[in-house]
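In what follows, a single structure is set out as structure tokens and then discussed.
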Amino acid sequence: MYAMWRLQVAFCTLSVLSLSSAAESKARSCSDVRQAFSAKEFSLHVPHQEISGEHLRVCPQGYTCCTSEMEDKLNQQSKSQFERMVEESSLNMRTTFISRHKKFDEFFLELLDNSEKSLNSMFTKTYGKLYMQNSEVFQDLFTELKRYYTGGNVNLEEMLNDFWSRLLERMFQLLNSQYHFTDDYLECVTKYGDQLKPFGDVPRKLKALVTRAFIAARTFVQGLMVGREVANRVAKVNVVPACVKALTKMLYCPYCRGMPGLKPCHNYCHNVMRGCLANQADLDAEWNVFIDAMLLVADRLVGPFNIEAVIEPIDIKISEAIMTMQDNSMQVSAKVFQECGQPKPSGVGRSARGISDVFSARFRPYTPEQRPTTATGTSLDRLRVVWRTMQHSVIDIKEKLKESRRFWSKLPDDICAEGKLTESDDEQCWNSHTKGRYFPEVVKEGLTNQLSNPEVEVDITRPDTLIRQQIMALRVMTNKLKNAYNGNDIYFQDSSDEGSTSGSGNDCSDGCTTELVFVATEAPVIGADRSNERAAAAAPSKSLSCGPSTLLVMATLALPLWAMQTQWR
């Protein structure tokens with residue numbers, strides 16, 4: 001009996017020792033974890049051996065190398081790491097919009113400056129004092145063109161009409177210098193401008209080319225800027241607590257389980273990222289429509305009208321208009337005198353030749369071969385080089401735009417790329433609990449599809465406000481791009497006068513699309529250095545413009561504003 005008792009005691013003792021030994025074998029060293037965190041330069045106090053994990057709120061509650069304090073810090077680290085991953089993954093696309101916007105903006109502004117200098121140089125040499133005494137008419141034209149391009153509230157059609165009216169007043173006085181004209185009389189002269197057509201058909205054709213070119217240029221550059229602003233804002237993700245929890249579980253719970261070298265399973269990462277980037281994915285549909293509209297307008301920047309056709313640029317066309325009026329001066333003057341009354345003599349005697357004779361002798365434009373090459377390099381050879389560079393730039397930006405399609409829905413794929421963040425071996429990866437295969441299905445992208453996401457608890461009833469604002473900004477810009485593609489400049493509408501239209505184009509036979517600028521959410525039209533003009537552009541006014549849906553020619557005034565030769569002759 002005693003022997004049996006001793007045998008039982010011995011058996012119990014061995015059992016206790018065996019359990020103690022098993023417990024000690026589970027409490028493994030945390031040296032690998034400590035070394036891994038040290039390599040990442042994390043200032044964390046890691047236990048020397050695994051401890052019981054009942055205190056953990058995110059990671060599995062088995063034996064662990066993580067304390068409560070560590071888990072809290074890893075939450076913060078996960079959030080920061082995720083923000084960096086999104087910014088880094090979108091950097092190339094965002095840089096494209098930033099650099100191309102800057103390049104195109106500088107390009108068009110330089111062309112405007114060079115065009116003004118070229119006209120001033122040529123007209124000074126061609127017309128002498130007669131031009132210099134009236135140069136403010138042309139300077140005002142370029143000032144208004146620049147103001148329009150940089151976002152000012154300028155109606156191109158009205159502005160160009162005003163230019164020709166002012167030029168008509170000056171020319172009429174010069175051609176009839178023996179008379180004195182009051183302001184009221186000159187107003188009567190301009191009243192009959194459309195009927196008399198003193199400049200021939202040049203104003204109408206030049207207006208069509210200028211408006212279409214500037215609508216395309218301004219809208220395209222604005223589109224690049226809106227794309228830049230939207231991408232920058234969306235790349236700064238709003239990381240909600242449920243996402244932070246899921247990220248920590250995916251990125252750092254393997255460390256807590258003593259497996260610091262274990263990467264997440266590929267599909268596991270997809271579910272986490274699609275949950276955390278659900279709102280960004282909802283931007284994708286509107287983003288793709290915006291990109292397609294940008295590509296359409298980009299086609300307008302080159303078009304089939306090649307600069308090798310060498311149709312005269314704006315200074316030649318304005319000079320041609322002046323010559324037309326001088327040739328028709330007697331008929332124009334007779335008609336004006338008939339409609340507005342006989343003006344009073346000025347009391348200043350005229351020379352035998354008369355000022356109209358001097359006009360005729362001096363107002364002879366250069367042929368394209370005779371045009372002077374100015375210090376700014378705006379000869380036709382220079383323009384050919386500039387235009388070819390422009391064409392290559394358009395090809396480049398079109399390729400970059402195509403690459404950015406579906407960017408936001410593909411963002412989880414970019415972040416979860418195998419080898420970079422995830423493990424390619426489906427059996428040797430972290431599946432949210434341990435090392436092994438991840439079995440749940442990958443959910444589809446977008447907010448509404450996250451209801452079945454097994455990794456991230458997403459409140460599908462509360463869309464991200466910032467993302468919704470950017471969707472609206474893209475929608476407004478896309479509408480502008482589509483109208484610019486059709487030659488329509490639609491920026492402002494007075495809601496109290498619906499149906500009333502005016503603007504930079506011809507009448508619409510099929511009706512015009514109108515819109516109210518979404519000032520609260522749309523990215524600004526221009527940079528901060530143009531804030532005054534932007535404020536002016538945001539003021540309510542009527543400026544609906546419609547034009548024929550024919551192919552645009554992208555050229556600002558420094559380039560020849562061309563059409564086919566048969567259109568001008």
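The values are calculated or read from the model by the stated rules, or taken from the named source; none is laboratory data. For clarity, every value in this text was computed on a predicted model and none was experimentally measured. Positions of Cβ are generated from backbone atoms using ideal geometry, with glycine treated the same way; all protein chains shown enter the neighbour counts. These area figures cover heavy atoms from the full protein model, side chains too; ligands, DNA and RNA do not enter into them. Shrake-Rupley method; radii C 1.70, N 1.55, O 1.52, S 1.80 Å.
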**Message:** At 1.4 Å probe radius, can you tell me the per residue accessible area of segment 118-197 in Å²?
**Reply:** 44 Å²
**Request:** Enumerate the amide H contacts of His180 below 5 Å, restricted to partners 5 or more residues apart or on another chain; note that Pro and chain-start residues carry no placed amide H.
**Result:** Lys344, Ser346
**Asked** If you plug each phi of segment 110-125 into the Karplus form 6.51 cos²θ - 1.76 cosθ + 1.60 with θ = phi - 60°, what whole-Hz ³J(HN,Hα) values come out, in order, with x for Gly and Pro?
**Response** 5, 4, 5, 4, 5, 5, 5, 5, 5, 5, 4, 5, 5, 5, 5, 6
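Report the local net charge at Ala242: Lys and Arg +1, Asp and Glu -1, summed over other residues whose C-beta lies under 9 Å from its C-beta. Can you show the working numbers first?
Numbers: positive: Lys245; negative: Glu457, Asp459.
Summing Lys and Arg as +1 and Asp and Glu as -1 gives -1.
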**Fill in**
Quick tally, 1.4 Å probe accessible area for Asp105, Asp194, sorted with the most first, runs Asp194, Asp105
**Asked** How much accessible surface does Asp282 have with a 1.4 Å probe, in Å² rounded to 10?
**Response** 50 Å²
**Asked** In terms of Cα to Cα distance under 19 Å, which lysines are near enough to Lys482, apart from those fewer than 8 places away along the same chain?
**Response** Lys398, Lys402
**Message:** Counting other C-beta atoms within 10 Å, and keeping those with at most 15, which DSSP coil trypsin sites (Lys or Arg not before Pro) do you find in segment 431-481?
**Reply:** Arg437, Lys444
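Can you tally the net charge around Ala484? Count Lys and Arg as +1, Asp and Glu as -1, for every other residue whose Cβ sits under 12 Å from the Cβ of Ala484.
After counting each charged neighbour, the total is +3.
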**Accessible-area value, Thr461, 1.4 Å probe, nucleic acids and ligands omitted, Å²** = 110 Å²
**Asked** Once the Cα gyration tensor of segment 43-131 is found, what semi-axes does its equivalent ellipsoid get, as square roots of 5 times the eigenvalues, in whole Å, sorted largest first?
**Response** 69, 10, 8
**Fill in**
Under a 1.4 Å probe, counting only protein heavy atoms, Lys236 has an accessible area in Å², nearest 10, of 130 Å²
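Just to verify a number: FRET efficiency for Glu87 and Asp413, C-beta to C-beta distance, R0 = 22 Å, to 0.05?
The calculated FRET efficiency here is 0.85.
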**Prompt:** Hey, got a sec? Which trypsin sites (Lys or Arg not before Pro) in segment 43-148 land in a DSSP loop and have at most 16 other Cβ atoms within 10 Å?
**Reply:** Arg57
**Residue-normalised accessible area of segment 213-261, expressed per residue, 1.4 Å probe, Å²** = 24 Å²
**Asked** Carbon and sulfur: what percent of segment 68-212's accessible surface (1.4 Å probe)?
**Response** 47 percent
**Complete:** For segment 239-253, in residue order, the Karplus 3J(HN,Hα) values (coefficients 6.51, -1.76, 1.60; θ = phi - 60°; whole Hz; Gly and Pro = x) are 8, 7, x, 4, 5, 4, 4, 5, 5, 4, 4, 7, 8, 10, 4
**Request:** Arrange the residues Glu169, Glu41 by how much accessible surface each exposes, largest first, with a 1.4 angstrom probe.
**Result:** Glu41, Glu169
**Fill in**
The local net charge around Ile471, scoring Lys/Arg +1 and Asp/Glu -1 for residues other than Ile471 whose Cβ lies under 9 Å from its Cβ, equals 0
**Prompt:** Of Lys482, Lys344, which has the most accessible area with a 1.4 Å probe, and how do the rest follow in descending order?
**Reply:** Lys344, Lys482
